[in-house]
Amino acid sequence: MNESIRHFINQVKIRNAGESEFLQAVTEVATSIIPFIESEPRYRNSKVLERIVEPERVVIFRVPWLDDQGEIQVNRGFRVQMNSAIGPYKGGLRFHPSVNLGVLKFLAFEQIFKNSLTGLPMGAGKGGADFDPKGKSDNEVMKFCQSFMTELYRHVGADIDIPAGDIGVGGREIGYLFGQYKRIAGAFNGVLTGKGYEWGGSLIRPEATGYGLIYFVEEILKTREDSLVGKKVTISGSGNVAQFAAEKCIEKGARVLTMSDSEGFIYDPSGIDKEKLEFIKELKNHTRGRIKKYATKYHCEYFAGERPWKIKCDIALPNATQNELELSDARTLIKNGVFCVAEGANMPCTPEAVAAFNKAKVYYAPGKAANAGGVAVSGLEMSQNSQRYSWTRTEVDNKLKDIMCEIHQRCLKYGKETDGHINYERGANISGFVKIADSMLAQGVV
Ligand code: GLU
């Protein structure tokens, strides 16, 4: 690490003590961007990097609600409005007990680059609460969402800040949040994305992150004149991203060997097929049960308390959560012959794991590029809302494919190394940064 990178990171550390995930995300970006900035005096002198690590605004608020026993519960709500250089704040809401300011700042920071890479006019934000929807009744989730929006509504708007889903926030939660926004604001507009199709949502939005991830992997494969047919794929997670990544893999002829939840993973050597995936969707989206049930039903192995990285594969797709794939996992994957790791989750690989992949010349696609399909189709939902019009499935899907292909091109622009290897991490960071930096320079000291 060179001296200016070390100095910069130390300054950020002092100002954001204890926010470990945020520091991790900033360190990762700064390490690839600072050498670039040093060769571009206009970015260095205007202190763009120093500015973008400081959120434009953060709102923290109390979320009181009554549970089914009539007892008062109190959670903490947040919205981090990170950067509005290229559009209104845009990014998801996460409801999970691990949510705190540092986690949301890391996610909002990643979102700056991700949204920039999509080529759409979206700034960056992230929000959520330390509320755990797991084990709560629909009624409790609704009460919570209504209370959350009762404060959030004054900070958001279709031209101001447009939240969406993330971990713990899916179609059900977006519905309750939207209903409450509409009552308070007295306006039906595109303030949230991920809405139901009947009331302003976009086709393909539920599928977008998972499908987009696989479209991106296909672009990587094309660089070596290869395809997904017959490839062994391990997937972690079993939520929205994992489900639709698996669906697209199956459609493209790959063999999906694993899926997981917070309690363990299932290993199905014969491959999770369409019908088995339907069982997982029903289990996770409706009965809200544990993945272990799959192993009982389809008589395959279940590994309690473990992650799927010890299973031999060609392609690994970490689709669960941050820091779920560590150095020891990376080493095992490399030893077992993995050639591509693409992140459906945000920052699932630790920095040490990423370094190991890059050293071994494994194609490593960071989340800010590979999982940008979700927010990209959110951007397309915003466009449709503004037009008061809906595009067909094929139209949205084709636009998503084009966007993922363009993101891949943007990564190549700054990511190609002299030996031909593509460093997607550096490519994504620099490409995402340039658009933000140029916009900030054009807008003065903001
Ligand atoms: N939470 C998703 C992400 O990490 C989607 C955000 C959105 O659609 O605004 O990009």
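The values are calculated or read from the model by the stated rules, or taken from the named source; none is laboratory data. Please read these numbers as outputs of a predicted model, since none were measured by experiment. Reconstructed Cβ throughout: ideal geometry from the backbone, glycine too, with neighbour counts over all protein chains shown. Keep in mind that these areas ignore ligands, DNA and RNA; they rest on the heavy atoms of the full protein, side chains included. Shrake-Rupley method; radii C 1.70, N 1.55, O 1.52, S 1.80 Å.
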Among rounded, prolate and oblate, which fits region 93-209 when a ≥ b ≥ c are the square roots of the eigenvalues of its C-alpha gyration tensor, a/c under 1.5 means rounded, and a/b larger than b/c means prolate? rounded
Restricting attention to region 215-258, which trypsin sites (Lys or Arg not before Pro) occupy a DSSP loop and are surrounded by at most 13 other Cβ atoms within 10 Å? 224
Sorted by chain and then number, the residues having a modelled amide H within less than 5 Å of the amide H of residue 91, at least 5 places away or on another chain, are 125, 162, 164
Going by amide H atoms built from the backbone, whose H comes under 5 Å of the H on residue 255, apart from near neighbours? 230, 231, 232, 233
What value in Å³ per residue do you get for the convex hull of the alpha-carbon atoms in region 1-88? 134 Å³
With a 1.4 Å probe and every protein chain kept in, tell me what percent of the accessible surface of the chain is carbon plus sulfur. 50 percent
Check residue 416: other-chain or 5+ apart residues with amide H under 5 Å from its amide H, H built from backbone geometry? 423
For the chain, built as a Gaussian network whose Cα springs stay under 10 Å, the top-fluctuating residue of 420, 194, 374: 420
From the cross-link list 274/312; 222/281; 136/276, which pairs have alpha carbons spaced over 28 Å apart? 222/281
Using the Karplus curve 6.51 cos²θ - 1.76 cosθ + 1.60 with θ = phi - 60°, what ³J(HN,Hα) values do you get for each residue of region 298-309, in whole Hz, with x for Gly and Pro? 9, 6, 10, 6, 10, 10, 5, x, 10, 10, x, 6
quick note, the chain, DSSP beta bridge pairs, % antiparallel (nearest 5) is 55 percent
Could you tell me the center-to-center distance, by alpha carbons, between region 302-349 and region 198-251 in angstrom? 16 Å
Log10 I(q)/I(0) at q = 0.11, 0.19 Å⁻¹ for region 197-344, from Debye over equal alpha-carbon scatterers, is -0.38, -1.15
Taking only Cα atoms and a 10 Å spring cutoff, compute GNM fluctuations for the chain and point out the largest among 160, 430, 403. 160
When ligands, DNA and RNA are left out and all protein chains stay put, how many square angstrom of accessible area per residue does region 311-357 have with a 1.4 Å probe? 31 Å²
Compactness relative to 2.2 N^0.38 Å, alpha carbon Rg of region 308-446: 1.20
Show me, for region 252-266, the HN-Hα J-couplings you get by feeding each phi into the Karplus relation (A = 6.51, B = -1.76, C = 1.60, θ = phi - 60°), rounded to Hz, glycine and proline as x. 8, x, 8, 10, 8, 9, 9, 8, 8, 9, 5, 9, x, 10, 9
Where Lys and Arg each count +1 and Asp and Glu each count -1, what net charge lies around residue 397 among other residues with Cβ under 13 Å from its Cβ? 0
Here the relative contact order (percent) of region 283-336, from C-alpha pairs under 8 Å and at least 6 apart, is 27 percent
Using a Cα-Cα cut-off of under 12 Å, which aspartates and glutamates could be cross-linked to residue 335, ignoring same-chain neighbours fewer than 8 residues away? 314
I need the shape label for region 255-300. Rule: rounded when a/c is under 1.5, else prolate if a/b > b/c, else oblate, with a, b, c from the alpha carbon gyration tensor. oblate
P(r) for the chain: what percent of alpha-carbon pairs falls in each 10 Å bin, starting at zero? 4, 22, 33, 27, 12, 2, 0
Along the chain, longest interval not containing exposed GluC sites (Glu not before Pro), exposed being DSSP loop plus at most 14 other Cβ atoms within 10 Å: 72-224
Measure out, as a whole number of angstrom, how far apart the alpha-carbon centroids of region 11-80 and region 115-161 sit. 17 Å
Within 11 Å, Cβ to Cβ, of residue 427, how many net charges do the neighbouring residues add up to if Lys/Arg are +1 and Asp/Glu are -1? +3
Relative contact order (percent, whole number), the chain, Cα cutoff 8 Å, 6+ residue spacing: 15 percent
Surface accessible to a 1.4 Å probe, residue 84 within the full protein complex, Å²: 50 Å²
Would you mind giving the average projected area, over all directions, of the Cα convex hull of region 386-446 in nm² with one decimal? 6.6 nm²
Structure-based [θ]222 nm, the chain - -39500 (n - 2.57) summed over DSSP H runs of at least 4, per residue, nearest 500: -15000 deg cm²/dmol
At 10 °C and 1.306 mPa s, grab the translational diffusion coefficient of region 286-390 from Stokes-Einstein with a Kirkwood Rh over Cα pairs, rounded to a whole number in µm² per second. 101 µm²/s
Output wanted: per-residue J couplings in Hz (rounded whole) for region 379-394, from phi through Karplus 6.51 cos²θ - 1.76 cosθ + 1.60, θ = phi - 60°, x for Gly and Pro. x, 6, 5, 4, 4, 5, 4, 5, 7, 6, 8, 10, 8, 6, 3, 5
